[in-house]
1. Within the range 345-360, identify whether any single residue is touching a helix residue (DSSP H, G or I) at 6+ places or on another chain (Cβ under 6 Å), modelled with pLDDT of 95 or more, under 27 Å from residue 193 (Cα atoms) and open to solvent by less than 30 Å² (accessible area, probe 1.4 Å), and answer yes or no.
2. Read through the list (1) among the polar types (S, T, N, Q); (2) touching a Ser or Thr at 6+ places or on another chain (Cβ under 8 Å); (3) surrounded by fewer than 18 Cβ atoms within 10 Å (Cβ to Cβ), then give the number of the only condition that residue 218 fails.
3. Which of the residues spanning the range 177-191 are in a loop (DSSP other than H, G, I, E, B) and either open to solvent by 90 Å² or more (accessible area, probe 1.4 Å) or among the aromatic types (Phe, Trp, Tyr) (or both)?
4. Quick check on this structure: which one of 93, 37 is under 26 Å from residue 366 (Cα atoms), modelled with pLDDT of 85 or more, in contact with a strand residue (DSSP E or B) (Cβ under 7 Å, 6 or more places away or on another chain) and not small (Gly, Ala, Ser)?
5. Look at residue 304 and say whether it is among the polar types (S, T, N, Q), under 22 Å from residue 286 (Cα atoms), modelled with pLDDT of 95 or more and touching a Gly at 6+ places or on another chain (Cβ under 9 Å).
6. Of all the strands (runs of 3 or more DSSP E) wholly in the range 78-176, which have at least 1 residues that are without any contact (Cβ under 8 Å) to a residue 24 or more places away in the chain and not aliphatic (A, V, I, L, M)?
7. Mind counting the residues in the range 40-63 that are open to solvent by 40 Å² or more (accessible area, probe 1.4 Å), over 19 Å from the mean Cα position of the chain (by Cα), modelled with pLDDT of 75 or more and not acidic (Asp, Glu)?
8. Among the residues in the range 133-142, are any of a type in the set (Ser, Thr, Tyr) and under 24 Å from residue 296 (Cα atoms)?
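The values are calculated or read from the model by the stated rules, or taken from the named source; none is laboratory data. All of these numbers come straight from a predicted model, not from anything done at the bench. Glycine gets a Cβ as well: all are built from the backbone with ideal geometry, and neighbour counts include every protein chain shown. Note: accessible area is taken over every heavy atom of the protein model, side chains too, but ligands, DNA and RNA are not part of it. Shrake-Rupley method; radii C 1.70, N 1.55, O 1.52, S 1.80 Å.
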Amino acid sequence: MTKKKLLIITGSFGNGHIQATESIMSQIDLNEIDVYKHDLFLEAHPLLTTVAKTYYINSFTHFRTSYKMFYYSRPNAVDKSFYKYYGLNKLLKLVAEYNPDLILVTFPTPVMSVLKNRLNIDIPIVTVITDYRLHKNWVTPYSEGYYVACNETKNDLMKVGVDENLIHVTGIPINEAFSESIDCEQWLKSFNLDPNKKTILMVAGAFGVLRGFDEMIQQLIKKDENRQIVVVCGRNHELAQQLKNKFKNYSQVLIMGYTKEMNQWMASCDIMITKPGGITISEALARKIPLILYNPAPGQELENAKYFNRTRLAKIANNPNETIRIADHLLDHPLELRHMQQSMETHRKPTASRHIASLINEQLTKSYHKPLQDKKVIKYAKLFS
């Protein structure tokens, strides 16, 4: 029997979309399905996309106003985007090369709508939305399906005209290791940390964009000697070295750079201070670690934070002093921490990746489209490149 072909379109603006893609791929039977994964924008326009990624990363600290204007501009105009044709030439070449049975989108890519609206290509498209609220660039008219985090995202899609039957509330796909058992006592001991102390996990994010760590660390350990702090600085080597120098004589403070062991740290700590990226907070939700979401930037971060705050999964802190106050309060009120964990138990969807893979397999089973006319694709590729 001929294997079905799945083309995945993703993006490397941050780590989240790539991580979500890999989590889904880990649940797909590669003996039955050929999978082709592409970072569309980076492959199509590497230099311009690198510049755009630099802007995106810095938008969390330096360009908040301009990013806010971009993100919230004309929210209901789902078929309007100034970069609607960005990457189209590359996309059409991929479609012509693979002639896939299904296209899976894990990054908000408005160019996907051109395949349906302008070219009438009948290859089915499904989308995994990796945040908790909708942005218009996630919407592909005439799409065959959306896999979303929660009912609020589903309602957002229905408000812009998406058929309810096409929307599946699966949760955001994460590595299923985040629901497996961890020996937390042994894990902390292996880093010379005390399992009997209250442990605070502070995460700078994938690119180390958070600030104010030194002040928060000092105040948090000053309040109670029965506390210890683990700081993950991500790829910000300068921040990691600065904090290591400052706290080298503090046995209750562990400073590290990038780590692939967030699962173990989330399982072993009592609260977590982080920025509200969709994947990070979904992993924390699976691990049921109460969250303090630090100074969320306007856009998807702020919308994620509002959702988690409203559903009692997290607290929002806008500055170091507010972060310290909230952390002190939570650590001094274990009953409130338990209530947050109970809410997390209700909302968590740790098997989202498996659920989405199952839906993809179902879609592929019934997928049938006409053979692609290469001449038509090449014609439009040249026209809109």
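1. There is no residue in the range 345-360 that is touching a helix residue (DSSP H, G or I) at 6+ places or on another chain (Cβ under 6 Å), modelled with pLDDT of 95 or more, under 27 Å from residue 193 (Cα atoms) and open to solvent by less than 30 Å² (accessible area, probe 1.4 Å).
2. It fails just one condition, (2).
3. The answer is 180, 181, 183, 191.
4. Working: 93 fails: in contact with a strand residue (DSSP E or B) (Cβ under 7 Å, 6 or more places away or on another chain).
When all the criteria are applied, what remains is 37.
5. So residue 304 fits the description; yes.
6. Working: elements: 102-105, 125-128, 145-148, 167-169.
By residue number, 125-128, 145-148.
7. The number of residues fulfilling the criteria is 6.
8. Looking through the range 133-142, none of the residues is of a type in the set (Ser, Thr, Tyr) and under 24 Å from residue 296 (Cα atoms).
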